[in-house]
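Here is the structure we will look at, set down as structure tokens.
The values are calculated or read from the model by the stated rules, or taken from the named source; none is laboratory data. Remember, predicted model here, so these are calculated numbers, not experimental data. Cβ atoms come from the backbone with ideal geometry, glycine included; neighbour counts cover every protein chain shown. Heads up: the accessible areas ignore ligands, DNA and RNA and are worked out on the full protein's heavy atoms, side chains in. Shrake-Rupley method; radii C 1.70, N 1.55, O 1.52, S 1.80 Å.
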Amino acid sequence: MADTARHPEPRYGNRPTMKDVAARAGVGLKTVSRVVNAEPGVTPDTERRVQEAIDALGFRRNDSARVLRKGRTASIGLVLEDLADPFYGPLNRAIEEVARAHGALLINGSSAEDPDREQELVLALCARRVDGLIIIPAGDDHRYLEPEIKAGVATVFVDRPAGRIEADAVLSDSFGGARSGTAHLVAHGHRRIGFIGDQPRIHTAVERLRGYRAAMAEAGLPVEDSWVSLGTTVPERVHEAVVSMLDAPEPVTAILTGNNRVTVTVVRALAAHERPVALVGFDDIELADLLNPGVTVIAQDAATLGRTAAERLFRRLDGAAEAPGRVVVPTRLIARGSGELPPPADR
């Protein structure tokens, strides 16, 4: 009996090859190649024997070898900020569906909001000869991509525009959404409205802050420095911002949040506050309609963002030569209760 405890069978690197299939079926390599690649010139009986050998051995075609021969990858790369963020689920799925309809494979990775990691990941995908890229950028300087774009790598940015280069971009209406969310709070009687957003180097954070300020100005309302807090979305930082705004001598009576991660932390912080505070969140969050009150949100259409970006990318791959453009996808306000709370009577 073989000593498998001391000499275990290798688990990797021993996949069956076309040589193995040819030997089992009793045919030449060229015949196996024709069957695998659905080429003519093989009799039905021989094709059956080769297919039986393929099934018995568990043989799989080596697409990497076909890539080298044909010079195309039939794949696109997707660089996201954070694969765990619920916002990117429907966006990723929409891109994948468009890619599949075009017979392309989608390869994705996460930049973790790190510009250096973004660049490393993008260039690694280019080195593997992807046909195109869809990027949610972490950085604000994308000149490193110029040689790749000139070499023919179609590139579309989504959610945030490229920095320091001209490139296609598909964006949500961050400015308009934040403006409407703030105006909604003003319409329900609030005059002291706080804004808690993401890091100020991020395009969407800047645009949402700009929309908030625009709505406040249009309503003739001031914006105190203490009412605005930008920074990382870690819960400790956001919670501290909430407490600071609510414990001030002139506390805010409503809060607009800049994204879904901020909203979740603010909901938790407000649950411990003795007085009701109105809330409008940018991005929808899971179970928002089941809370009491439900969370009023400015909803983005992530699936439309992804689908539009992917369709634009494949138009580029099909030879579209128009100048780079920008598509802005509308947002919509969903009133569920938290954004409709009035300010306290003594405020």
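Computed over the chain with a Gaussian network model linking Cα atoms closer than 10 Å, the most mobile of 120, 52, 250 is 52. Charge dipole of the chain (Cα centre as origin; +1 on each Lys and Arg Cβ, -1 on each Asp and Glu Cβ, all else neutral): 1400 debye, rounded to the nearest 20.
The alpha carbon gyration tensor of segment 155-240 gives principal lengths a ≥ b ≥ c with a/c of 1.5 or higher and a/b no greater than b/c, which makes the shape oblate. With contacts taken as Cα pairs under 8 Å at a separation of at least 6 residues, the chain carries a relative contact order of 16 percent. Rounded to the nearest 20, the Cβ-based charge dipole of segment 46-177 about its Cα centre (Lys and Arg +1, Asp and Glu -1) stands at 1080 debye.
Once the 1.4 Å probe is applied to the protein heavy atoms, the chain comes out at 52 Å² accessible per residue.
All other residues whose Cβ lies under 14 angstrom from that of residue 29 are scored, Lys and Arg at +1 and Asp and Glu at -1, for a net of +3. Within the set (1) 39; (2) 51; (3) 55, the number that percent of Cα pairs over 28 Å apart takes when calculated for this structure is listed as (3). Nonpolar atom fraction for the chain, defined as the carbon and sulfur part of the 1.4 Å probe accessible area, stands at 51 percent. When a/c is below 1.5 the answer is rounded, else prolate if a/b is larger than b/c, else oblate, so apply that to segment 73-122 with a ≥ b ≥ c taken from the square roots of the Cα gyration tensor eigenvalues. Because a/c hits 1.5 or more and a/b fails to exceed b/c, segment 73-122 counts as oblate. For residue 114 and residue 299, a Förster radius of 25 Å and the Cβ-Cβ distance give a FRET efficiency of 0.35, rounded to the nearest 0.05. In segment 106-187, the alpha-carbon atoms span a convex hull of 107 Å³ per residue. Measure nothing but the geometry: give the 0 to 90° angle between the long axis through the Cα atoms of 302-317 and the longest principal axis through the Cα atoms of the chain, rounded to 10°. The answer is roughly 50 degrees.
Take every DSSP beta bridge whose two residues both sit in the chain; close to 10 percent of them are antiparallel. Quick check on segment 194-267: take the gyration tensor over C-alpha atoms, sort the square-rooted eigenvalues as a ≥ b ≥ c, and tell me if it's rounded (a/c under 1.5), prolate or oblate. Judged from the Cα gyration tensor, segment 194-267 comes out oblate (a/c at least 1.5, b/c at or above a/b). Using a simple spin-label model with pseudo-atoms 7 Å out from Cα toward Cβ, residue 124 and residue 218 lie 4.4 nm apart. Between segment 223-258 and segment 308-342, how far is it from one alpha carbon centroid to the other, in angstrom? Distance between centres, Cα-based: 29 Å. Adding -39500 (n - 2.57) for every DSSP H run of four residues or longer, then dividing by how many residues the chain holds, sets the calculated 222 nm ellipticity at -12500 deg cm²/dmol. Here each label is just a point 7 Å from Cα along the line to Cβ, and for residue 292 and residue 226 those points are 3.3 nm apart.
Neighbours of residue 16 by Cβ distance under 12 Å: Lys/Arg scored +1, Asp/Glu scored -1, total +3. If R0 is taken as 30 Å, the Cβ-Cβ distance between residue 247 and residue 332 corresponds to a FRET efficiency of 0.35.
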